[in-house]
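Just so it is clear, none of the values below were taken in a lab; they were calculated from the coordinates. Just so we're clear, the structure is a prediction, and the values are computed from it rather than from any experiment. In this analysis, Cβ positions are derived from the backbone assuming ideal geometry, glycine residues included, and neighbour counts consider all displayed protein chains.
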Amino acid sequence: EFGALLGYSGTKMASIMVETVGAIKNALKEAIDLTEAQGIDDEEREHIELCVSLIQTECEYLLAQADSVPEMSRLL
């Protein structure tokens with residue numbers, strides 16, 4: 001529905017979702033590297049690993065959803 005409000009096709013929305021996930025994954029790697037360079041302790045590292053895991057899980061979920069966006073948009 002969001003894509004329809006913007007006037008985007010389902011295919012365009014799926015493409016945007018894939019691009020966004022790619023950008024998140026690239027930014028995540030950079031953020032991890034910058035954080036590690038600050039000399040974090042084990043507790044901070046464990047927290048970061050949890051956050052990274054959650055972000056990666058949500059990215060995979062979005063990618064899986066992206067495949068069905070074109071079909072779903074045709075049903076609107």
Next on the checklist: Nearest 500 deg cm²/dmol is fine: what mean residue ellipticity at 222 nm does the chain get from its DSSP H runs of n ≥ 4 alone, each adding -39,500 (n - 2.57), divided by its residue count?
Outcome noted: -27500 deg cm²/dmol
Next on the checklist: I want to verify a result. In a Gaussian network model of the chain, Cα cutoff 10 Å, which of these has the top mean-square fluctuation: Gln38, Gln56, Gln65?
Outcome noted: Gln38
Checklist entry - From the residues Thr20, Val69, Leu34, which one has its Cα farthest along the dipole of the chain in the positive direction, the dipole being from +1 and -1 charges on Cβ of Lys/Arg and Asp/Glu about the Cα centre? => result Val69
Next on the checklist: Suppose each label sits 7 Å from its Cα in the direction of the beta carbon; what would the Asp67-Ile48 distance come out to in nanometres?
Outcome noted: 3.3
Item to check | Radius of gyration and Dmax over the Cα atoms of the chain, both given in Å | outcome: 16.4, 51
Checklist entry - Which angle from 0 to 90°, rounded to the nearest 10, does the C-alpha axis of helix 10-36 make with the longest principal axis of the chain? => result 0
